[in-house]
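Peer 1: Shown below is the structure under consideration.
What follows is calculated from the coordinates using simple rules that are stated; it is not laboratory data. Predicted, not measured: the structure shown is a model, and the values here were computed from it. Cβ placement follows ideal geometry from the backbone for every residue including glycine, while neighbour counts extend to all protein chains displayed.
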Amino acid sequence: MLKNIGPLEREVLEILWSKKEATAREICRDLEERGNRKAYSTVRTIMSRLVKKKIVSQRVDKENRVYVYTPLLSKTELEKRIVHHLFRELLQRFEQSTISYLAEELSDNEEEIKKIKQKLIEMKKNV
């Protein structure tokens, strides 16, 4: 689901997060204003993918006969899910290497170690 969020999908999501909801045409205009002109069909394809990934919802505006898209996740929620997914995959595929890498990277950074310990304490309290 969240494995692949491409650059264009990310840019479209940035537009949706700022607008709260938009049609494919509005997104096309916003992309063009950002200097990234895309065909309407390309934007529709991106929107369909985001709906399929359950990142964006789609509803029909019957009066104007268009789809209106709304983000289902905030930027922070999406980023957390992506990191969670990637980290879980790393641990499943390369458990020992991932743990060793993190230990080596964090060994010189006391501040980061404190942050992680604090986060673990908070998580333990919420269980």
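Peer 1: Looking at the structure I just gave you, is E95 without any contact (Cβ under 8 Å) to a residue 40 or more places away in the chain, assigned to a loop (DSSP other than H, G, I, E, B) and exposed (fewer than 11 other Cβ atoms within 10 Å of the Cβ)?
Peer 2: Working: without any contact (Cβ under 8 Å) to a residue 40 or more places away in the chain: yes; assigned to a loop (DSSP other than H, G, I, E, B): no; exposed (fewer than 11 other Cβ atoms within 10 Å of the Cβ): yes.
In short, no.
Peer 1: Just checking, does segment 26-41 include any residue being of a type in the set (F, W, Y) and in contact with a strand residue (DSSP E or B) (Cβ under 6 Å, 6 or more places away or on another chain)?
Peer 2: In the first step, residues of segment 26-41 are kept if they are of a type in the set (F, W, Y); the result is 40.
With in contact with a strand residue (DSSP E or B) (Cβ under 6 Å, 6 or more places away or on another chain) added as a condition, the list becomes none.
Looking through segment 26-41, none of the residues is of a type in the set (F, W, Y) and in contact with a strand residue (DSSP E or B) (Cβ under 6 Å, 6 or more places away or on another chain).
To keep it simple, each residue is scored yes or no on (1) in a helix (DSSP H, G or I); (2) among the aliphatic types (A, V, I, L, M); (3) touching a residue at least 24 places away in the same chain (Cβ under 8 Å); (4) touching a Ser or Thr at 6+ places or on another chain (Cβ under 7 Å).
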| site | (1), (2), (3), (4) |
| --- | --- |
| I5 | no, yes, yes, no |
| E11 | yes, no, yes, no |
| S18 | yes, no, no, no |
| E26 | yes, no, no, no |
| R29 | yes, no, no, no |
| T45 | yes, no, no, no |
| L50 | yes, yes, yes, no |
| K54 | no, no, yes, no |
| Q58 | no, no, no, no |
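Peer 1: Just name the residue that is surrounded by the most Cβ atoms within 10 Å (Cβ to Cβ) out of those in segment 31-45 that are closer than 20 Å to N4 by Cβ and of a type in the set (A, V, I, L, M, F, W, C).
Peer 2: Of everything passing the filter in segment 31-45, V43 is surrounded by the most Cβ atoms within 10 Å (Cβ to Cβ).
Peer 1: With the requirement that a residue be loosely packed, with under 14 Cβ neighbours inside 10 Å, of a type in the set (V, I, T) and within 17 Å of W17 (Cβ to Cβ), what does segment 46-85 give you?
Peer 2: T70, T76
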